[in-house]
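The values are calculated or read from the model by the stated rules, or taken from the named source; none is laboratory data. Treat the numbers as computed from the prediction; the structure is a model and nothing was measured. Cβ sites come from the backbone with ideal geometry, for glycine too, and all protein chains shown count toward neighbours. Please note that ligands, DNA and RNA were not included when accessible areas were found on the heavy atoms of the full protein model with its side chains. Shrake-Rupley method; radii C 1.70, N 1.55, O 1.52, S 1.80 Å.
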Amino acid sequence: MSERELRIEGVTRTFPGQGRAAPTLALQPTSLSVAPGEFVAILGPSGCGKSTLLRIVAGLDRPSGGSVTLGGLPVTGPGPDRGMVFQSYTLFPWLTVEQNIRYGLRERGLPEAQQRGIAARFIARTGLRGFENHWPRQLSGGMQQRCALARALANDPEILLLDEPFGALDHQTRELMQELLLEIWDDPEAAGGRKTVLFVTHDIDEAVFLASRVLVMSARPGRIKAEVPVPLPYPRDWTVKTTPEFGALKARLMADIREEVRRAADAGA
Amino acid sequence: MQPLKPVSPGARLVLGTGFFGVFIAFWGLMTWSGLVPPLFLASPSKTLLAGWSLLTEYGFAGDIAVTVWRVFGGFAIAAALGVPLGLMMGAFKGVEAFFEPFISFARYLPASAFIPLLILWAGVGEAQKLAVIFIGSFFQVVIMVALVAGATRPDLVEAAYTLGSRSTGILRRVIIPAAAPQIAETLRLVLGWAWTYVIVAELIGASSGIGHMIMDSQRLLDTGQMIFGIVVIGLIGLATDVLFKALNRWLFPWAAL
Ligand SMILES: Nc1ncnc2c1ncn2[C@@H]1O[C@H](COP(=O)(O)OP(=O)(O)OP(=O)(O)O)[C@@H](O)[C@H]1O
Ligand SMILES: [Mg+2]
């Protein structure tokens, strides 16, 4: 795994207005650098531009200003070095679970035996054994997102971009998925060590539990309003949520975010 | 009855064949009672008898075969050229901008209006029959396939990009498989329309085929034969439709059509 730093410098995004409507400023100049192997959570109220920022890093959207570089090279489009799990369900409905997970490997032209081996590993890792030959429509929401995570991981990206991947799941499933994600990220046997993760969420617990650093975004137009390191040691399991340190971090972030949510509500009204 | 609640397959079959029964009973009532004179409408039994003599004495099976081959031949050519063009138009907006206005214009040209011209160009042989069906089907296939391909979910395309796909990968491994079930449905629809064009083509300047037989029977005022010909078209249409549907379900189990 290469040791490349992700740098976001002065990135802005303005969406042109429809017809006579005024253009929407979704993202104010935003700068951020993420070291290899870091787990960064981006926390912010709905509509503050979290998805927009992540899509720009993925290369699926172009910034109106500023630049994104990876190891000094500008990001000009999407690529397999930045894997993504989307807010919506995006498994290919015509492929089985196993074929979905192999998709990126097949695009890379890996021999089929090798594709199957890698897929089997991630099927086991995400607890999808027994569902290899199911169609996505036969899976629950939680299983679909696990499969999407396996599909992104199997491709061995340098950076993992996760856009509220567990947003549509119930509370219990969500907590299990968070633990699963940390386990995979923190796997001491993983070749190349920890991946760089950018995790978007509007759930404070989720951000503190997962990340080594939490960025709080302001209400629209979004900008990074505060940066809070999370000094809790890895490996973490659910019991960390009951510690006073966790509670203190949560209280601090809650104060920040409540203010923004109220501002967002006022602006939207 | 509840809105949108599905019925069991058994009930479907009973209900579906039931209306055929009602229809034939009504037809029989009108004709056997003498309410409608045989000159205008043959009774169900007369129609069956006329059909029997058509098949045994006049070689009607040959006419059916000729018509079926014309429909499938013209349709196959239209699909073989129309599906790729439609896919390219749906996937690449420049290609669409180039062809779309002309094809939107061409699809409103009535295929039957071309028959006199086509007779002039191609005579009254098979080429002219195939050309009528081709003109009637091709532009519809192109427009509908382009629409289906262009409506591919953009989030699936984006997911494929983040997994390393490039343009050809997106087209071949996202747009085409995503659109395939609806393309098959489109072809099923257009095949149904092709049947109406073939009969029109055979009514004018043909020496064989179901349409030609219907034309001949009119000269003899044999309503039984005419109706039998029409019913045969309907039955073949129904059979291909059922087969096409079954094929689609078998080819695309993931779509649960
Ligand atoms: N394609 C687009 N065209 C126009 N406006 C857009 C577009 N995409 C996003 N926006 C606007 O940009 C702002 C930020 O959107 P974005 O999807 O990034 O928010 P978000 O933080 O991800 O919200 P959520 O938590 O609800 O997913 C919103 O006000 C949205 O209306
Ligand atoms: Mg979002």
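The angle between the Cα long axis of helix B:9-32 and the main principal axis of chain B comes to about 30°, on a 0 to 90 degree scale. Across every pair of non-identical alpha carbons in segment A:26-82, the mean reciprocal distance, once inverted, gives a Kirkwood radius of 12.3 Å. Measuring between alpha carbons in the structure, the pairs from A:Lys225/B:Lys93; A:Lys195/A:Lys250; B:Lys5/B:Lys245; B:Lys46/B:Lys245; B:Lys129/B:Lys245; A:Lys50/A:Lys250 lying more than 29 angstrom apart are A:Lys225/B:Lys93; B:Lys46/B:Lys245. One chain, two ends: B:Arg166 and B:Leu109. Fully extended at 0.36 nm per residue, the span grows by 16.7 nm beyond their Cα-Cα distance. For segment B:208-257, a reduction of at least 30 Å² in accessible area between the chain on its own and the assembled protein chains (probe 1.4 Å) is found at B:Pro253, B:Trp254.
Placing pseudo-labels 7 Å out from each Cα toward the beta carbon at B:Val68 and A:Ala22 gives an inter-label distance of 6.9 nm.
Excluding ligands, DNA and RNA, the accessible surface per residue across the protein assembly as shown is 49 Å² with a 1.4 Å probe.
Relative to the globular-protein estimate of 2.2 N^0.38 Å, the Cα radius of gyration of the protein assembly as shown stands at 1.34. Protection proxy ranking, highest mean first, for peptides A:235-243, A:192-200: A:192-200, A:235-243, where packing is the per-residue count of other beta-carbon atoms within 10 Å, averaged. For chain A, what class follows from the C-alpha gyration tensor (a ≥ b ≥ c being the square roots of its eigenvalues): rounded when a/c is under 1.5, otherwise prolate if a/b is larger than b/c, else oblate? The shape class here is prolate. Extent of segment B:65-256 along its three principal axes (Cα atoms, max minus min coordinate, largest first): 70, 36, 20 Å. For the listed peptides A:74-83, B:100-109, A:145-154, a ranking on the average number of other beta carbons within 10 Å per residue, highest first, reads A:145-154, A:74-83, B:100-109. Straightening the chain between B:Val95 and B:Leu55 buys 9.4 nm, computed as 0.36 nm per residue apart minus the Cα-Cα spacing.
Mean separation of Cα pairs under 8 Å and 6 or more residues apart, divided by the residue count, gives chain B a relative contact order of 25 percent.
The length gained on full extension between B:Leu189 and B:Asp155, counted as 0.36 nm times the residue separation minus their Cα-Cα distance, comes to 9.4 nm. Summed over both chains, the area buried between A and B is near 1900 Å², taken from the accessible surface of protein heavy atoms with a 1.4 Å probe. For the peptide A:88-97, the mean number of other protein chain Cβ atoms found within 10 angstrom of a residue's Cβ is 5.
Spacing of the modelled spin labels on B:Leu39 and A:Leu176, each 7 Å from Cα toward Cβ, amounts to 8.0 nm.
Taking the accessible area of segment B:65-256, probe 1.4 Å, and keeping the other protein chains in place, the carbon and sulfur fraction comes to 73%. In percent, rounded to a whole number, the relative contact order of chain A is 26, using alpha-carbon pairs under 8 Å and six or more apart.
Descending by average beta-carbon neighbour count within 10 Å, the peptides A:105-117, B:214-226 line up as B:214-226, A:105-117, the highest first.
What a 1.4 Å probe finds exposed on segment A:181-255 is 57% carbon and sulfur by accessible area, rounded to a whole percent.
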